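Working notes, structure below.
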Amino acid sequence: MKTLAMALCVSALLLAGCNEHKSEAKLLKSAAPAATSEQAPAGDAFAVHSSSAKKPPVLKAQTSSPHLSKFYQVFHDGASIDPKGKPMLLVFGQPQDPYTQKLQRDVAADAELATSLKKDVTPIYIDATSDKRHKFFHNGEAMDVDTKTLVSIYHIDATPTLIFTDEKGKTIFIVPSYLPPKKFELVLRFIHEGLWRGKKRENGEVEEALKAYFKAHGIAIGGKK
């Protein structure tokens, strides 16, 4: 089975200057297997570093969650991982992860964010702790894989992790952390406007383009908003 090369990780860029949102990710109960050399990032600077993550605030576990019905009106459940002719967003989460829950509530409560997600990308949610089968489309090929294999392919070791891909499922960049709504919507606009097209991820061109886009919209990287 073909594997996917893990692309540029931009969490440091997206979270820089927002101390209240740093390290907002929860380790998986069982960490993903180590990536192979084919799967691994090009350099350590883009690796997912989660071992030093702060403890998230304690939120009530989801028992009755009416917001989830609204969330799943936006996100597909991951049975079929297919871009469907648009850029794709894969969100790996955990049911009892406070920041996964926070992301789900954001989508349910923010009509503008929900509209952008449905319009600009094909949004798919995957419970990283589940044991399900997925029809996985990549570069025009369909593969039948289980959740553990997906977690291994993308080297997911913390949730939520957001993976943005092009129309063929090729990774544009990865955000291994919660994104607040304002930044989430800005990233979706960056994707929609195609400002990543024609740029190489491996040498940091996509990262630089996103950095410039944030700066142009009043978010100074490395400083306060």
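The values are calculated or read from the model by the stated rules, or taken from the named source; none is laboratory data. Bear in mind the structure is a predicted one, so any value in this text is a computation, not a measurement. When we count neighbours, we look across all protein chains shown, and the Cβ atoms used for this are built from the backbone with ideal geometry, even at glycine. For accessibility, only protein heavy atoms count, side chains too; no ligands or nucleic acids. Shrake-Rupley method; radii C 1.70, N 1.55, O 1.52, S 1.80 Å.
You will find that of 201, 197, 189, the residue that is at negative phi, part of a helix (DSSP H, G or I) and open to solvent by 20 Å² or more (accessible area, probe 1.4 Å) is 189 and no other. Determine whether residue 150 is touching a Leu at 6+ places or on another chain (Cβ under 8 Å), under 22 Å from residue 82 (Cβ atoms) and either modelled with pLDDT under 95 or not polar (S, T, N, Q) (or both). Criteria not met by residue 150.
Residues in the range 126-172 that are among the small types (Gly, Ala, Ser) and either open to solvent by 10 Å² or more (accessible area, probe 1.4 Å) or farther than 16 Å from residue 27 by Cβ (or both): 128, 130, 140, 142, 152, 169.
Contact annotation: residue pairs with Cβ atoms under 6 Å, 6 or more positions apart or on different chains, pairing a residue in the range 188-216 that is within 16 Å of residue 170 (Cβ to Cβ) and at pLDDT below 95 with a partner that is in a helix (DSSP H, G or I) and of a type in the set (Gly, Ala, Ser), are 199/209. For the range 117-138, a residue qualifies if it is of a type in the set (S, T, N, Q) and in contact (Cβ under 8 Å) with a residue 60 or more places away in the chain, and exactly one does: 129.
Looking only at the range 150-181, residues that are in a loop (DSSP other than H, G, I, E, B), small (Gly, Ala, Ser) and in contact with a strand residue (DSSP E or B) (Cβ under 6 Å, 6 or more places away or on another chain) come to 1 in all.
Within the range 139-168, residues that are touching a residue at least 60 places away in the same chain (Cβ under 8 Å) and closer than 24 Å to residue 95 by Cα sit with their Cβ atoms under 8 Å from residues that are among the polar types (S, T, N, Q) and in a helix (DSSP H, G or I), at 6+ positions apart or across chains, in these pairs: 159/100; 160/100.
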